[in-house]
Amino acid sequence: MIVTQAYRFALDPMERQVGALLRHAGAVRVAYNWALARVKANLSQREAEKSYGIEDLTPSFGWSMYSLREAWNQAKGDVAPWWAQCSKEAYATGLDQLATGLRNWSDSRNGGRKGRPMGFPRFKSKHKAVKSCRFTTGVIRLEGRTHVVLPVLGRIRTHESTRKLARRIENGTARIKSATVRLDAGRWYVSFSVEVERSDPTPRRPDAVIGVDLGVKTLAVFSDGRPAAGNPKHYDHAQKKPRRLSRTASRRAGPDHRTGRQPSKRWLRANDQRNKVHHRIANLRRDGLHKLTTELASEYGTIVVEDLNVAGMVKNRRLARAVSDAGFGEIRRQLAYKTAWNGGRLEVADRWFPSSKTCSHCQAVKPKLPLRVRTFTCGHCGLIIDRDENAALNLASLVKRHVAGSGPETRNGRGADRKTGPGPAAGCEASTSHRPSRPDQTRTFAP
């Protein structure tokens, strides 16, 4: 199995290297803003000519990555006389981000992109834009266990050992495709996109089916009787400290972009302390979810989850913080690629499947079941069971009915057949399976 996986390491750059990293991040922003200004000026010119009835319009400015890069190479001497101080990959990163944003906006406008409408790209702010740069060509390698080498930036020390990736490269089972440096919570990180050759594993119980019901009070309830995974509520438990640090920062002289006031040293220190707390909360949440999903994917051959409308759930002001802290979307994302890595499959129940309202014994469906009712009581067979456990059992039995051959596959929530496997996972890990002989890893079906 060949997959694309990300390895992320914290960097420990010297002061001059920090300046070079910031210079590359600034070059990304400059190229992006210049190209966006050219695109907007071209669109405005053509609209003005149309309003005056001119038939011979100004030629349109190309939105593709290649067109933008060609225009940049012709104008970079005047736009950025210092362009030679940074790698060409910095400018390519900004132009590629703009090309992707314009394509997404155009597809969303023409109905070729699902989901919420995409807005037209906006200019990157010097103060708010994410500082990052992606390298796809040039010298990208590991040097020993404590250093990485990047184009123009050179040899940079890492804060942690890179032996996990180095061993794979030495064994010939991994190949670095690209590297991305990013400033996150006051620390620079490098993420390597690596093509990894993985063995074809098999779950410990390949024929086992487990239904996983996600919730806020209890993070996950399982259908096979194993202990439920409690919700650690990392943000709620640490909420007192961020609140205190936020009050401390508000009393300091922070930045004011309207008047041009620069933040004081005391505000910068208070803001760094606040960011560290939020960064730790995110790390704790990510670590717990990875442990849970890895354990499930390595043991069960088939895992069933619901197609939750997380975007709609966070609109409820009473549940938004709890739903966001639980990480429902991240659990499904991790299960999607980890089941593929471990030789299993992920089944996604239809969004409107009444898993909580259906009796797991006689399949009778209740017309209503308020969220405050935590015990399911069946009016037909008299079954009394926990609400979440009942939902997990229904999810598992749904797969057994449909996958075993008693029911046909149906279309997913967007009205299309799922014929492809899970796509690349975002974030710190990614997965793209290249095994055409395997069946689809993720299917959506309705009862």
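Which of the chymotrypsin sites (Phe, Trp or Tyr not before Pro) found in the range 34-118 are in a DSSP loop and have at most 12 neighbouring Cβ atoms, other than their own, within 10 Å?
On the way: sites: 34, 52, 61, 63, 66, 72, 82, 83, 91, 105; in loops: 52, 61, 63, 82.
Loop-located and lightly packed - 52, 82.
Too long at a 18 Å Cα-Cα cut-off: which of 88/131; 114/338; 233/357; 291/338?
114/338; 233/357
Using a 1.4 angstrom probe and counting only protein chains, how large is the accessible area of residue 133 in Å², to 10?
0
If DNA, RNA and ligands are ignored and the probe is 1.4 Å, what is the ranking of 100, 377 by accessible area, most exposed first?
377, 100
Take the alpha carbon gyration tensor of the range 1-59, find the square roots of its eigenvalues, order them as a ≥ b ≥ c, and report rounded if a/c is under 1.5; if not, report prolate when a/b exceeds b/c, else oblate.
Cα axes put the range 1-59 in the oblate bin.
Can you tell me the FRET efficiency between residue 240 and residue 14 if r is taken as the Cβ-Cβ distance and R0 is 30 Å, rounded to the nearest 0.05?
Between residue 240 and residue 14 the formula returns 0.20.
Using a ≥ b ≥ c from the Cα gyration tensor of the range 176-254 (square roots of the eigenvalues), is it rounded, prolate or oblate, where a/c under 1.5 gives rounded and otherwise the larger of a/b and b/c decides, a/b for prolate?
Note, shape of the range 176-254 comes out oblate.
May I ask you to derive the FRET efficiency for residue 369 and residue 82 from their Cβ-Cβ distance with R0 = 45 Å, giving the value to the nearest 0.05?
The value I calculate is 0.10.
Any idea what the dipole of the chain comes to, in debye rounded to 20, about its Cα centre with Lys/Arg Cβ at +1 and Asp/Glu Cβ at -1?
Dipole of the chain, to the nearest 20 debye: 2040 debye.
Note down the nm distance, to one decimal, between modelled labels 7 Å out along Cα→Cβ at residue 2 and at residue 187.
In this crude label model, residue 2 to residue 187 measures out at 3.4 nm.
Let me make sure I get this right: for the range 167-300, a, b and c are the square roots of the gyration tensor eigenvalues over alpha carbons, sorted descending. Under 1.5 in a/c it's rounded, otherwise prolate if a/b > b/c, else oblate. Which is it?
The shape class here is oblate.
Whats the longest run of the chain with zero GluC sites (Glu not before Pro) that are DSSP loop and have at most 13 other Cβ atoms within 10 Å?
161-447
Quickly estimate the mean residue ellipticity at 222 nm for the chain, helices only: each DSSP H run with n ≥ 4 gives -39500 (n - 2.57), and the total goes over all residues, rounded to 500. Could the numbers behind the result be given before it?
Details: 11 runs with 174 residues, N = 447.
It comes out at -13000 deg cm²/dmol, rounded to the nearest 500.
Using the charge dipole of the range 193-260 (Lys, Arg: +1 at Cβ; Asp, Glu: -1 at Cβ; taken about the Cα centre), state which of 227, 212, 246 has its Cα farthest towards the positive end.
My answer, from the dipole projection, is 246.
Rounded to the nearest 0.05, what FRET efficiency do residue 41 and residue 386 have when you use their Cβ-Cβ distance and R0 = 51 Å?
Computed FRET efficiency for residue 41 and residue 386: 0.25.
What nm value, rounded to one decimal, do you get for the distance between residue 159 and residue 321 when each label is placed 7 Å out toward the C-beta?
It works out to 2.8 nm between the two label points.
With both partners inside the chain, how many of the DSSP beta bridges are antiparallel, as a percent to the nearest 5?
The antiparallel fraction comes to roughly 75 percent.
In the chain, carbon and sulfur make up what percent of the accessible area (probe 1.4 Å)?
For the chain, the apolar C and S fraction of the accessible surface comes to 49 percent.
Taking only protein heavy atoms into account and a 1.4 Å probe, give the accessible area per residue of the range 300-354 in Å².
I get 41 Å² per residue for this part.
The values are calculated or read from the model by the stated rules, or taken from the named source; none is laboratory data. Being a predicted model, the structure only gives us computed values, none of them experimental. So basically every Cβ, Gly included, is an ideal-geometry build from the backbone, and we count neighbours across all protein chains shown. Just the protein is used for accessible areas: all its heavy atoms, side chains included, with ligands, DNA and RNA removed. Shrake-Rupley method; radii C 1.70, N 1.55, O 1.52, S 1.80 Å.
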